[in-house]
Amino acid sequence: MFDKLIDWLISIWGQLIPYVIVNQMDNGIRLRFGKFKNILLPGTHFKIPFFDEVIQKTIVWTTHSMPSQSLTTKDSKDVVVKGIIKYRITDIKTFTLEVWDSVDAISDMTQGIIFDIVKDRTWDELQTIDLKPLITRKARLEAKRWGIEIETVTLSDLAKIRSIRLLNDNGSIG
């Protein structure tokens with residue numbers, strides 16, 4: 001009971017303070033009555049209590065490890081692919097106001113690009129060509145619309161897997 005009261009007091013206190021400090025590795029946006037007002041760069045900024053809301057995001061380079069995905073090549077080989085994306089925020093307004101879950105959006109978009117590339121190539125082609133520039137170029141074009149700059153997309157895993165079918169067509173095991 002007291003913890004909820006303390007949380008409420010902390011949130012009210014945060015609304016009462018007439019300034020906000022944006023850290024060096026962050027940028028922020030000011031919303032007044034829920035509408036975009038301006039971009040806040042690192043430093044101290046004054047705000048109108050209860051009217052202004054400041055949302056801060058870290059804009060320095062960061063990485064995201066994508067989950068493994070099982071795919072099938074053009075020559076019907078089952079493969080597993082896992083990648084790492086290195087990115088940063090370049091347009092804080094677009095990134096904050098137009099992308100709901102940015103990490104999932106980047107990951108899903110990049111996994112879709114990897115899927116398209118793998119399904120159109122044979123296993124031997126995947127082994128001989130450098131996929132990194134191709135995936136990175138396509139991911140950069142997509143992510144730019146969301147205020148994100150992608151430096152590289154690296155495949156940390158690309159291997160054949162054995163597919164085992166646990167259910168028959170009629171739904172029974174075996």
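The values are calculated or read from the model by the stated rules, or taken from the named source; none is laboratory data. Model, not experiment: these values are computed from the prediction. Virtual Cβ from ideal backbone geometry, glycine too; neighbours counted across all protein chains shown. The area values use the complete protein model at the heavy-atom level, side chains included, leaving out ligands, DNA and RNA. Shrake-Rupley method; radii C 1.70, N 1.55, O 1.52, S 1.80 Å.
Worth a mention:
- Any hit, region 24-37, residues being without any contact (Cβ under 8 Å) to a residue 60 or more places away in the chain, closer than 19 Å to Val99 by Cβ, open to solvent by 50 Å² or more (accessible area, probe 1.4 Å) and in contact with a Ser or Thr (Cβ under 7 Å, 6 or more places away or on another chain): no
- Single residue of region 138-161 satisfying the filter (assigned to a strand (DSSP E or B) and among the β-branched types (Val, Ile, Thr)) that is farthest from Asn27 (Cα to Cα): Thr154
- Residue count, region 46-102 (criterion: within 17 Å of the chain's Cα centre (by Cα), farther than 30 Å from Thr122 by Cβ and of a type outside the set (Ser, Thr, Tyr)): 16
- In region 117-137, the residues that are under 21 Å from Glu151 (Cβ atoms) and surrounded by fewer than 16 Cβ atoms within 10 Å (Cβ to Cβ): Ile129, Asp130, Lys132, Pro133, Leu134, Arg137
- Any hit, region 18-37, residues being outside any strand (DSSP E or B) and in contact with a Lys or Arg (Cβ under 7 Å, 6 or more places away or on another chain): yes
- For first residues located in region 49-75 and closer than 21 Å to Asp108 by Cα, partners that are in a loop (DSSP other than H, G, I, E, B) and acidic (Asp, Glu) and lie 6+ apart or on another chain with Cβ distances below 9 Å form the pairs Thr73/Asp120.
- For region 79-95, a residue qualifies if it is part of a helix (DSSP H, G or I) and either open to solvent by 30 Å² or more (accessible area, probe 1.4 Å) or hydrophobic (A, V, I, L, M, F, W, C) (or both), and the qualifying residues are Ile92, Lys93, Phe95.
- Among residues of region 1-17 being in a helix (DSSP H, G or I) and among the aliphatic types (A, V, I, L, M), the one that is least open to solvent (accessible area, probe 1.4 Å) is Ile12.
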